[in-house]
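Colleague: Would you mind keeping the following structure in view while I ask a few things?
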Amino acid sequence: MISAITAQGAEVDTVLPYAYDAQAADANIVTAIEEMAQGRIDAIALTNLGQVRRLFQVAQARGCEARLREGLAHTPIASVGPVVSDELKAHGLRTDISPANDAYFMRPLITAMAEALANSPPRAAAR
């Protein structure tokens, strides 16, 4: 496609809006794992199976898979749909929150999370 545009005489400035430095994000993932393990995160929303895989890849690489599993054991897990839920199940995890009526996209997921969290008792931070 770019070659067709340049063939017409245009200059192309390619932008990669979804590209990120995975190594730089690792520290943020490890911080989130620790926050979850300490009971400081009310819920985790997972919107694609790559997120589940990435959590486990980073946890294994950084030696904190036990902390990840500890955090996920007491943190409600929201899944956007069956593909993500199947990936969670493959890792021995459950889905606590999911959208109703086969509406597998962000807005119904957030609505389901808001309803579930509004109806749950306050959580005390784990130590």
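Colleague: Only one residue in R53, R62, R67 is within 14 Å of the chain's Cα centre (by Cα), under 16 Å from A32 (Cα atoms) and charged (D, E, K, R), so which one is that? Please lay out each step first, then the result.
Modeller: Working: R62 fails: within 14 Å of the chain's Cα centre (by Cα); R67 fails: within 14 Å of the chain's Cα centre (by Cα).
R53 is the lone residue from the list that is within 14 Å of the chain's Cα centre (by Cα), under 16 Å from A32 (Cα atoms) and charged (D, E, K, R).
Colleague: Also, I was wondering about something else. Do we find that A43 is small (G, A, S), surrounded by fewer than 19 Cβ atoms within 10 Å (Cβ to Cβ) and closer than 19 Å to A114 by Cβ in this structure? Let's see the steps before the verdict.
Modeller: Numbers: small (G, A, S): yes; surrounded by fewer than 19 Cβ atoms within 10 Å (Cβ to Cβ): yes; closer than 19 Å to A114 by Cβ: yes.
So A43 fits the description; yes.
Colleague: Just to be sure before I move on: is E87 surrounded by fewer than 13 Cβ atoms within 10 Å (Cβ to Cβ) and either at positive phi or acidic (D, E) (or both) in the structure I sent? Break it down into steps so the answer makes sense when it comes.
Modeller: Numbers: surrounded by fewer than 13 Cβ atoms within 10 Å (Cβ to Cβ): no; either at positive phi or acidic (D, E) (or both): yes.
Here the answer is no, as E87 does not meet what is asked.
Colleague: Looking only at the stretch 37-56, count every residue that is assigned to a helix (DSSP H, G or I) and under 17 Å from R69 (Cβ atoms) and tell me the total.
Modeller: 7
Laboratory data are not the source of any read-out in this text; all were calculated from the coordinates shown. Being a predicted model, the structure only gives us computed values, none of them experimental. Here the Cβ is made from the backbone with ideal geometry for all residues, glycine too, and neighbour counts use every protein chain on show.
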